[in-house]
Amino acid sequence: MAGQNGSLQLLLAGRADVNVADAQGHTALHHAAHLGHAGCVELLLSSGAVLPDLKAFGDDGSTALHKAAGAGHSDVVRAFIASRKCNLNARDNDGDTAAMMAADHAQTAVLRLLVACERADVAMPNDQGDTPLIVAASTPGEGGARAVAALLPACAAASINSRNSDGNTALHVAARNGHHLAAHVLLGSPALDVNAPNPATGETALIVAAARGHVEVCARRRPRALVWPAAARRPPPALRQCRPLVPAWVRRSAAGPAGCCLPSCATGRPLH
């Protein structure tokens, strides 16, 4: 890095144009940011590099900030935040922001930086209605769960329960993909509407998980009830596997006798 900065300093001292672009319209700042050279980014910014929106970087309309965020170059992202010249909410051709790219690649350090910056809207949806939280919930494994946890402090009730164009919330997405760690983190938020249905299908997250046989999601023990809405379709066969585990998640409800909220108790139809 010292060698890179030394060469850059030498060229800048020789009056090299800091804003000259290559054949694709990308400046030195674009390339330094994309490749994670934070020292070069800071030097270029202090030397007068123009940074209106970081201009498009590639055919997908993504900017250097998108690339830095997706690659986890937190030092570069920190430099852009500190410069106050960067539009942290710039969108690519799909409407994705830098926060979306960080969520998609489980870059939790970048997400924490953006969450802490009041200029970054980490709940902004893309063209499909997906928010960074929904994208994080779709990211598998511990990385996705950590990304969800990083975003939660910035999520009010409206954003944590927001739906994409398919009518699914972040919890629906985690349940559909069997991401029980992400579901566990989401269920820890008091702002979460755990029984929010998909407006088109009436399915709650529990129905979605049961329909796909994701037993670990169904079995995740939490302090609030999951209710099977009366408007939803009949329980899928996969619920047979989950039935011994459902009481760990589903608590007393007025929907049926003995406090059971499953349709079989309310209607008399057996689950088997």
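Taking the stretch 135-182 as the range and being on the phi > 0 side of the Ramachandran plot and in contact with a helix residue (DSSP H, G or I) (Cβ under 8 Å, 6 or more places away or on another chain) as the test, the residues that pass are Gly141, Gly178. Selection of the stretch 4-34 for residues being in a loop (DSSP other than H, G, I, E, B) and either touching a Phe, Trp or Tyr at 6+ places or on another chain (Cβ under 9 Å) or in contact (Cβ under 8 Å) with a residue 12 or more places away in the chain (or both) yields Val18, Asn19, Gln24, Gly25, His26.
Kindly indicate whether Leu186 is over 21 Å from Asn89 (Cβ atoms), crowded, with 20+ Cβ neighbours inside 10 Å and touching a residue at least 40 places away in the same chain (Cβ under 8 Å). So Leu186 fits the description; yes. What do you reckon, is Ala174 within 29 Å of His73 (Cβ to Cβ) and buried (at least 23 other Cβ atoms within 10 Å of the Cβ)? Yes, satisfied.
The number of residues in the stretch 200-222 that are closer than 11 Å to His172 by Cβ and in a loop (DSSP other than H, G, I, E, B) comes to 3.
Figure legend. Inter-residue proximity from the stretch 213-225: first residues farther than 14 Å from Ala182 by Cα and of a type outside the set (Phe, Trp, Tyr), second residues surrounded by 16 or more Cβ atoms within 10 Å (Cβ to Cβ) and at pLDDT 75 or above, beta-carbon distance below 8 Å, spacing 6+ or different chains. Indicated pairs: Arg224/Leu187; Arg224/Val194; Ala225/Val194; Ala225/Asn195. Glu203 meets the conditions (1) surrounded by fewer than 22 Cβ atoms within 10 Å (Cβ to Cβ); (2) charged (D, E, K, R); (3) more than 18 Å from the chain's Cα centre (by Cα) in every case but one. The failed one is (1).
Is it true that some residue in the stretch 156-163 is crowded, with 20+ Cβ neighbours inside 10 Å and out of contact with any Ser or Thr (no Cβ under 8 Å at 6 or more places or on another chain)? Scanning the stretch 156-163 turns up no residue that is crowded, with 20+ Cβ neighbours inside 10 Å and out of contact with any Ser or Thr (no Cβ under 8 Å at 6 or more places or on another chain).
Each residue in the stretch 43-52 was checked for being in contact with a Ser or Thr (Cβ under 9 Å, 6 or more places away or on another chain) and either in contact (Cβ under 8 Å) with a residue 40 or more places away in the chain or among the aliphatic types (A, V, I, L, M) (or both), and 5 pass.
A quick yes/no check of all residues on (1) modelled with pLDDT of 85 or more; (2) buried (at least 20 other Cβ atoms within 10 Å of the Cβ); (3) hydrophobic (A, V, I, L, M, F, W, C):
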site	(1), (2), (3)
Ala2	no, no, yes
Ala21	no, no, yes
Leu44	yes, yes, yes
Pro52	no, no, no
Asp60	no, no, no
His66	yes, yes, no
Ala71	yes, no, yes
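The values are calculated or read from the model by the stated rules, or taken from the named source; none is laboratory data. Not measured: the values here are computed from a predicted model. We place every Cβ from the backbone using ideal geometry, glycine too, and count neighbours over all the protein chains shown.
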